Amino acid sequence: MKNEENSALLEGQGLLEQLRTNLAGKNGYVWLEALKKFNRQEIPTWNAPADWKIWGTLSNGYFKSVDHVKRTLEANGMEIWGRAETMARRLRFGNFKPYGVDIVMVDIIDLGFDENQEVSFKEINKAAKKKGLEECTPYDAFEIRLKFNDQPIQKRNDEFYVVVMSTIKGGVFHIMNTGGHLVIGSLYPNSDTMYNKHSKFFFRLISKK
């Protein structure tokens, strides 16, 4: 019978608890990749999340209702289109406690993929999490649209500006500039929907809640 008093497991209990804390923390994916290498008896490396350039800081809770969204966008020469408005009306606006939300805008190259690759929506999400980013909330999309008033005109069919967030009935918000007309629309990506270097994605930095 194994002598548990001499087992390294007893001595390692504290280390295991610390590892659980590290995996659950904001750099959890960095620790996970290092742990995988360790278990393969490879030398672990710790690649810190990228030092992202902040695209903008949002005021969480700025909009109080869908009608407030529509009035504000229209006052600034913008619109919310069709299915995007239907998606918005499924949201529960409320008196959210305001706090600063830092947003980054990235492409597949920023996330570590080759510029000639096509990358799935699922892979984009996974890579972003490993680099210290998290999904936006649907509410972020409206203020992103409002602040992105210098968006270039879309010239390619494979060029998308996607707010990566929890889907609303399968849809996410799509920030558009069609011939100088600034619009928030909707996309319905599957996990295997493919994107290339011409698309941009909005994520949050780790929340300051």
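The values are calculated or read from the model by the stated rules, or taken from the named source; none is laboratory data. Fair warning: this is a prediction, and the values are worked out from it, not measured in the lab. Because the Cβ atoms are built from the backbone with ideal geometry, glycine has one as well, and the counts that use them run over all protein chains shown.
Per-residue answers, yes or no, for (1) closer than 17 Å to I124 by Cα; (2) surrounded by 14 or more Cβ atoms within 10 Å (Cβ to Cβ); (3) among the acidic types (D, E):
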{"position": "I153", "(1), (2), (3)": "no, no, no"}
{"position": "N157", "(1), (2), (3)": "no, no, no"}
{"position": "F160", "(1), (2), (3)": "yes, yes, no"}
{"position": "M165", "(1), (2), (3)": "yes, yes, no"}
{"position": "I175", "(1), (2), (3)": "no, yes, no"}
{"position": "G179", "(1), (2), (3)": "no, no, no"}
{"position": "L182", "(1), (2), (3)": "no, yes, no"}
{"position": "S186", "(1), (2), (3)": "no, yes, no"}
{"position": "S191", "(1), (2), (3)": "yes, no, no"}
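For the subset of region 194-209 comprising residues that are under 16 Å from the mean Cα position of the chain (by Cα) and among the polar types (S, T, N, Q), which member is nearest to G56 (Cα to Cα)?
That would be S207.
Among the residues of region 81-103, which ones are touching a helix residue (DSSP H, G or I) at 6+ places or on another chain (Cβ under 9 Å) and either at positive phi or surrounded by 14 or more Cβ atoms within 10 Å (Cβ to Cβ) (or both)?
Those that are touching a helix residue (DSSP H, G or I) at 6+ places or on another chain (Cβ under 9 Å) and either at positive phi or surrounded by 14 or more Cβ atoms within 10 Å (Cβ to Cβ) (or both): A84, E85, M87, A88, L91, F93, F96, V101, I103.
For region 38-54, check the following and say yes or no: at least one residue is touching an Asp or Glu at 6+ places or on another chain (Cβ under 6 Å), under 30 Å from H174 (Cβ atoms), modelled with pLDDT of 75 or more and surrounded by 13 or more Cβ atoms within 10 Å (Cβ to Cβ). So that I can check it myself, show each step before the final result.
So in region 38-54, the residues touching an Asp or Glu at 6+ places or on another chain (Cβ under 6 Å) come out as 54.
Checking the rest, the ones that are also under 30 Å from H174 (Cβ atoms) come to 54.
If we keep only those that are modelled with pLDDT of 75 or more too, we end up with 54.
Among the residues that remain, those that are also surrounded by 13 or more Cβ atoms within 10 Å (Cβ to Cβ) are: none.
No.
Restrict the check to region 119-132 and report whether at least one residue is crowded, with 16+ Cβ neighbours inside 10 Å, assigned by TED's automatic domain parsing to the domain that holds F148, touching a residue at least 60 places away in the same chain (Cβ under 8 Å) and at positive phi.
Checked against the condition, which is being crowded, with 16+ Cβ neighbours inside 10 Å, assigned by TED's automatic domain parsing to the domain that holds F148, touching a residue at least 60 places away in the same chain (Cβ under 8 Å) and at positive phi, region 119-132 yields at least one hit.
Please determine, by comparing only the residues of region 153-171 that are assigned to a loop (DSSP other than H, G, I, E, B) and of a type in the set (G, A, S), which one is nearest to the chain's Cα centre (by Cα).
Taking region 153-171 first, the residues assigned to a loop (DSSP other than H, G, I, E, B) are 153-160, 164, 166-167, 169-170.
Now drop any that are not of a type in the set (G, A, S), which leaves 166, 170.
Numbers: S166: 9, G170: 16 Å.
The selected residue is S166.
Considering only residues of region 85-126 that are among the small types (G, A, S) and farther than 17 Å from P138 by Cβ, which is modelled with the highest pLDDT? So that I can check it myself, show each step before the final result.
Kept after step one, since they are among the small types (G, A, S), are these residues of region 85-126: 88, 94, 100, 112, 120.
Imposing the further condition that a residue be farther than 17 Å from P138 by Cβ reduces the set to 100, 112, 120.
Values: G100: 83, G112: 92, S120: 96.
Here the residue is S120.
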